[in-house]
């Protein structure tokens with residue numbers, strides 16, 4: 001069984017685009033005709049350039065190799081160009097290809113991927129979701145309206161969710177960390193208060209940020225929202241500064257979570273050694289794939305840390321996340337996006353039921369991608385999957401973050 005062919009599909013979810021502007025799906029086929037699906041997350045270059053990187057990584061390190069040899073192929077990609085250090089673009093390409101190898105192996109052995117990763121530890125996986133507006137709701141108003149977010153939280157809790165994530169403290173700028181505007185702190189407090197009043201103790205509040213603060217600014221904000229007892233304070237400072245994140249972790253009585261922008265166990269190890277976070281959020285389409293994700297989870301065990309796989313991508317990465325989640329003892333929960341396009345692409349093969357997900361039982365990842373649907377929504381834009389603004393924090397007119405939804409064309 002040898003890897004023979006590669007196909008890269010860049011598909012764009014219809015507006016409002018929950019999960020980003022586009023998803024990079026990869027399809028590998030062996031010489032004996034077994035196909036496997038993977039997904040590459042959040043590249044820092046455009047999709048055409050990323051497709052070329054994926055093709056190069058496959059041709060250089062994986063073609064004609066057995067899909068079983070994921071460790072060997074990882075070492076080739078990780079060491080390419082005389083580097084042996086985390087490279088988010090190369091490892092993002094490899095991650096999607098590696099996930100596809102596991103899909104192939106599971107299909108060849110007629111077993112789900114979790115069975116190949118050590119077996120199933122978790123029969124049900126706790127799910128969480130961002131708070132999103134309902135169809136037809138005023139989206140621009142939703143992101144700055146605490147009561148609208150509280151209503152959204154109530155809808156999720158009524159469906160069985162036990163954790164909801166809110167993200168009211170933008171902006172995310174290329175300028176690095178900043179001090180939050182006092183209005184951003186006040187708005188964050190209002191969001192936490194409204195959501196807590198609605199859900200009570202039936203659900204945890206997950207407070208999302210994306211590395212936009214200095215340590216001092218993050219401490220001000222984190223201490224302000226402590227009364228509503230969020231379960232986590234996500235990526236409060238830029239991800240390249242574990243020491244600053246550790247400073248926040250020592251000063252704020254909310255667990256710090258991080259990981260969506262990290263790649264390989266080397267970067268996660270630095271976070272753990274610094275005492276910066278005890279909740280890790282690997283995005284398997286960037287972190288190195290399933291085998292590297294399993295290593296990150298094992299490393300975390302030694303530090304008493306838990307895993308909450310990140311998802312702001314398509315349903316193939318979601319499926320991979322769930323197989324990892326099923327196989328590890330230190331799982332906290334897994335992010336999910338319940339959009340019609342996610343469901344349609346995989347034939348509704350994975351479902352959230354009463355706030356939990358049962359691991360797929362079918363061979364491989366337990367999904368098949370609707371290629372016709374994926375290709376019919378080809379991405380033709382120029383923007384990246386997610387982007388940060390160049391303008392600095394606005395201390396006069398206020399700030400907002402549109403939930404990761406790209407602007408309408």
Computed log₁₀ I(q)/I(0) - Debye formula, equal Cα scatterers, no solvent, segment 289-373, q 0.14, 0.22, 0.23, 0.24 Å⁻¹: -0.48, -1.07, -1.15, -1.23
Volume in Å³ per residue [convex hull over Cα atoms, computed for segment 118-362]: 120
Label-point gap, in nm, between residue 266 and residue 83 - each point 7 angstrom along Cα→Cβ: 0.9
Degrees separating the helix 182-199 axis from the principal Cα axis of the chain, which is the longest one: 80
Separation of alpha-carbon centers, segment 319-336 and segment 57-129, rounded to whole Å: 15
Coordinate range along principal axes, alpha carbons of segment 133-259, Å, largest first: 40, 29, 25
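So how much slack lies between residue 2 and residue 123, counting 0.36 nm per residue of separation and subtracting their Cα-Cα distance, in nm? Can you show the working numbers first?
Details: separation 121, 0.36 × 121 = 43.56 nm, distance 3.27 nm.
Gain on stretching residue 2 to residue 123: 40.3 nm.
Length gain on complete extension for the stretch residue 376 to residue 140, per 0.36 nm per residue less the alpha carbon to alpha carbon distance? All intermediate terms of the calculation are to be shown ahead of the outcome.
Details: separation 236, 0.36 × 236 = 84.96 nm, distance 2.84 nm.
So the chain would gain 82.1 nm between residue 376 and residue 140.
Taking neighbour counts of Cβ atoms within 10 Å as a proxy for exposure, in what order, fewest first, do 397, 210 appear? Can you show the working numbers first?
Details: 397 7, 210 21.
By the 10 Å Cβ count, ascending: 397, 210.
Would segment 1-114 count as rounded, prolate or oblate if I go by the C-alpha gyration tensor, calling it rounded below 1.5 in a/c and otherwise prolate when a/b exceeds b/c, oblate otherwise? Spell out each step's value before the answer.
Values: a/c = 1.86, a/b = 1.18, b/c = 1.59.
Oblate, because a/c is 1.5 or more while a/b does not exceed b/c.
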Hydrodynamic radius by Kirkwood, which averages 1/r over all alpha carbon pairs of segment 173-222, in angstrom: 12.0
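Give the peptides 372-385, 218-231 in descending order of average Cβ contacts within 10 Å, highest first.
Numbers: 372-385: 14.1, 218-231: 19.1.
Highest mean packing first, the order is 218-231, 372-385.
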Residue 348 versus residue 68: modelled label distance in nm, points set 7 Å from Cα along the beta carbon direction: 3.9
Global geometry of segment 193-322, whether rounded, prolate or oblate, following the gyration tensor of its Cα atoms and the 1.5 cut on a/c: oblate
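To one decimal place, what orientation-averaged projected area in nm² is obtained for the convex hull of the Cα set of segment 342-392?
On the way: hull surface 25.9 nm².
Mean projected area of the Cα convex hull: 6.5 nm².
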Cα-based helix-to-principal-axis angle, 88-109 vs the chain, degrees rounded to 10: 60
Segment 57-185: mean projected area of Cα convex hull, nm²: 13.3
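Counting only DSSP beta bridges with both residues in segment 118-362, what percent are antiparallel, rounded to the nearest 5? Kindly include the intermediate steps, with their values, before the conclusion.
Details: 3 of 22 bridges.
Bridges in segment 118-362 are about 15 percent antiparallel.
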Ordering of 249-256, 24-31, 308-315 by packing [mean C-beta count within 10 Å, highest first]: 308-315, 24-31, 249-256
Segment residue 147-residue 197, extension gain: residue separation times 0.36 nm, minus the distance between their alpha carbons: 17.0 nm
Acute angle (nearest 10 degrees) that the helix 290-301 long axis makes with the longest principal axis of the chain, alpha-carbon atoms: 50
Sorted by Cβ neighbour density within 10 Å, fewest at the top, the residues 241, 145, 394: 394, 241, 145
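Just so you know, all these numbers are worked out from the coordinates, no wet-lab data involved. Remember, predicted model here, so these are calculated numbers, not experimental data. In this analysis, Cβ positions are derived from the backbone assuming ideal geometry, glycine residues included, and neighbour counts consider all displayed protein chains.
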